[in-house]
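One structure is given here, and the rest of the page talks about it.
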Amino acid sequence: MIKIKSFVFNPFQENTYVVSEQNGKCMIVDPGMYDHAERQILKTYLEAEKLRPVILVNTHCHIDHVFGNEFISREYGLTPKIHPKESVVLQSVPAVASMYGVSYSPSPEPEFFGGDHLLLGEERFDILFVPGHAPGHVALYHAESGTVLAGDVLFRESIGRTDLPGGDMATLLESIRKELFTLPDDTTVYAGHMEPTTIGHEKRYNPFLK
């Protein structure tokens, strides 16, 4: 069984997730901590819950999802895992930070996913390739709990923007229909922004996917 804890961080109001299993190992997904206070919030939670970070994942590498990569790497000795097509996005983040006028500690060099799933202890997360919002975007599906960490692909009654470099509306809609809408309707979707939703709700009510 897994536990998912979310935090809303940084000026972009991004959802950072800590996913833990029963023996205390945890996976940090899209660390968005922007300043010392936000880093301390995450660290305090991990210490209070006696969790040991063993995996760091970026569903994609837009700036709001990688602010905390350097801190997590330095504090816990983890290398961010990304899809190979996100390398160029990660490399562009310093320029994006300069454009927005925000501070950014450069991410360490990433490593690429080595297969079609990740293991957190004995918990399996299938890696779903869902480009469209970003060229190498992935989602993490945990079948046993009926949850998917979907990044910025699918939101409650909305979808990810496609006007950033590497974005494409047709590709995004195809990713959602092929990879996410084939999951059970009661699957909980933990998105990169806003509150959770379900696959069934989005099939019925998402205006972009009618």
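The values are calculated or read from the model by the stated rules, or taken from the named source; none is laboratory data. Keep in mind the model is a prediction, meaning the values are calculated, not measured. Cβ: placed from backbone, ideal geometry, glycine included. Neighbour counts: every protein chain shown.
Quick notes on this one:
- On inspection, SER73 qualifies as surrounded by 15 or more Cβ atoms within 10 Å (Cβ to Cβ) and either at pLDDT 95 or above or touching a helix residue (DSSP H, G or I) at 6+ places or on another chain (Cβ under 9 Å) (or both).
- Here LEU173 does not qualify as farther than 22 Å from ILE72 by Cβ, outside any loop (DSSP other than H, G, I, E, B) and touching a helix residue (DSSP H, G or I) at 6+ places or on another chain (Cβ under 6 Å).
- Total residues in the range 91-127, condition in a loop (DSSP other than H, G, I, E, B), within 18 Å of the chain's Cα centre (by Cα) and either modelled with pLDDT under 95 or β-branched (Val, Ile, Thr) (or both): 2
- Scanning the range 68-90 for residues that are touching a Pro at 6+ places or on another chain (Cβ under 7 Å) and part of a loop (DSSP other than H, G, I, E, B) yields GLY68, LEU78, THR79.
- Subset of the range 1-40 [in contact with a Leu (Cβ under 8 Å, 6 or more places away or on another chain) and basic (Lys, Arg)]: LYS25
- Lone unmet requirement of (1) of a type in the set (Gly, Ala, Ser); (2) over 12 Å from the mean Cα position of the chain (by Cα); (3) crowded, with 17+ Cβ neighbours inside 10 Å for ALA37: (3)
- Just one of the numbered conditions (1) under 24 Å from GLY121 (Cα atoms); (2) touching a Pro at 6+ places or on another chain (Cβ under 8 Å) is not true of ALA48: (2).
- Near pairs, Cβ below 6 angstrom, 6+ apart or cross-chain, from the range 29-41 (closer than 18 Å to VAL54 by Cβ) to any residue that is in a loop (DSSP other than H, G, I, E, B) and hydroxyl-bearing (Ser, Thr, Tyr): ASP30/THR59
- Residue list for the range 128-149, restricted to those being assigned to a loop (DSSP other than H, G, I, E, B) and surrounded by 15 or more Cβ atoms within 10 Å (Cβ to Cβ): VAL130, PRO131, GLY132, HIS133, ALA134, PRO135, GLY136, HIS137, SER145, GLY146
- Condition met for ILE63 (within 22 Å of ARG161 (Cβ to Cβ) and surrounded by 23 or more Cβ atoms within 10 Å (Cβ to Cβ)): yes
- Checked against (1) in a loop (DSSP other than H, G, I, E, B); (2) at pLDDT 95 or above, PRO165 passes all but condition (2).
- Positions within the range 76-88 being farther than 20 Å from HIS137 by Cβ and touching a helix residue (DSSP H, G or I) at 6+ places or on another chain (Cβ under 7 Å), in sequence order: LEU78
- Taking the criterion of being crowded, with 24+ Cβ neighbours inside 10 Å and either farther than 18 Å from ILE28 by Cβ or of a type in the set (D, E, K, R) (or both), the residues of the range 150-175 that qualify are ASP152, VAL153, LEU154, GLY160, LEU172, SER175.
- The range 109-127: number of residues that are crowded, with 16+ Cβ neighbours inside 10 Å and not acidic (Asp, Glu): 6
- Top-ranked residue in the range 1-29 [being in contact with a Gly (Cβ under 6 Å, 6 or more places away or on another chain) and of a type outside the set (Val, Ile, Thr); ranked as surrounded by the fewest Cβ atoms within 10 Å (Cβ to Cβ)]: ASN23
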